[in-house]
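Written below as structure tokens is the structure these notes are about.
The values are calculated or read from the model by the stated rules, or taken from the named source; none is laboratory data. These numbers come from a predicted model, not from an experiment. Positions of Cβ are backbone-derived with ideal geometry, glycine not excepted, and every protein chain shown enters the neighbour counts. For accessibility, only protein heavy atoms count, side chains too; no ligands or nucleic acids. Shrake-Rupley method; radii C 1.70, N 1.55, O 1.52, S 1.80 Å.
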Amino acid sequence: MKIAIYPGSFDPVTLGHLDIIERASTLFDKLIVVVMHNAAKSPMFTVEERMDFLRCTTSHLNNVEVDGFSGLLANYAAQRGACTIVKGLRAMSDFEYEFQMALTNRKLNPDVETVFLTTSAKYMYLSSSMVKDIAQHGGKVADFVPAQIEEEIFQRMRKDG
Ligand code: PNS
């Protein structure tokens with residue numbers, strides 16, 4: 001069974017992430033979308049909230065599992081018996097960081113290959129940070145996040161003031 005993992009902060013999941021998940025899910029027997037900690041970021045949503053968002057937006061995909069993990073991605077891949085790490089690439093600006101992570105992960109776990117899926121052109125500009133910025137300023141995020149979570153994000157932003 002070919003198992004792939006798609007790791008990220010997903011704070012929150014965007015239509016760009018969902019596009020990668022849908023496409024990657026057709027390439028592997030099982031795709032595990034795993035919410036992880038990025039040391040360079042302070043997330044707005046808890047791991048549980050981010051996992052819930054992912055679960056309700058991927059419920060139509062039978063071979064997709066959502067998980068959370070705190071630790072090294074290379075270790076998580078080994079634990080789950082994954083052969084591949086899937087990453088989405090938007091632009092050249094993503095490349096250097098992703099290249100560095102791919103090489104580091106290969107050093108830590110030579111049994112796992114990182115593959116990059118290029119984003120669909122319509123989502124090239126899209127990021128979770130942009131979604132949060134728009135929502136925090138009272139803007140509409142319907143064009144950027146899956147419909148199932150738009151209202152929850154809006155309510156959450158209202159609550160946080
Ligand atoms: O969506 P992001 O924030 O770009 O995802 C980055 C993430 C969470 C995949 C990355 O920070 C990560 O792999 N964190 C886990 C810790 C780890 O394994 N670090 C070494 C990899 S270079």
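Quick notes on this structure:
- Using θ = phi - 60° in the Karplus curve 6.51 cos²θ - 1.76 cosθ + 1.60, the 3J(HN,Hα) couplings for region 117-127 round to 9, 6, 5, 5, 3, 5, 10, 4, 8, 7, 8 Hz; x is entered for Gly and Pro.
- Residue 145 long-range amide H proximity, modeled H, under 5 Å: 15
- Note on exposure: 17, 60, 37 ranked by accessible area (1.4 Å probe, complete protein assembly) read 37, 60, 17, with the most exposed listed first.
- Charge dipole magnitude, Cβ of K and R +1, D and E -1 - the chain, Cα centre, debye nearest 20: 160 debye
- Pairs of lysine residues in the chain - Cα separation under 19 Å, sequence separation of 8 or more or cross-chain: 12
- Amide H contacts of residue 35 (H built 1.01 Å from N, in plane; Pro and chain starts excluded): 67, 68, 69 sit under 5 Å, all sequence-distant by 5 or more or on other chains.
- Over the chain, dividing the summed -39,500 (n - 2.57) contributions of all DSSP H runs of at least 4 residues by the number of residues returns a 222 nm mean residue ellipticity of -13500 deg cm²/dmol.
- Charge dipole of region 3-160 about the Cα centre (unit charges at C-beta), most positive-ward option of 99, 62, 33: 99
- On Cα atoms only, tilt of 92-108 relative to the major axis of the chain in degrees: 40 degrees
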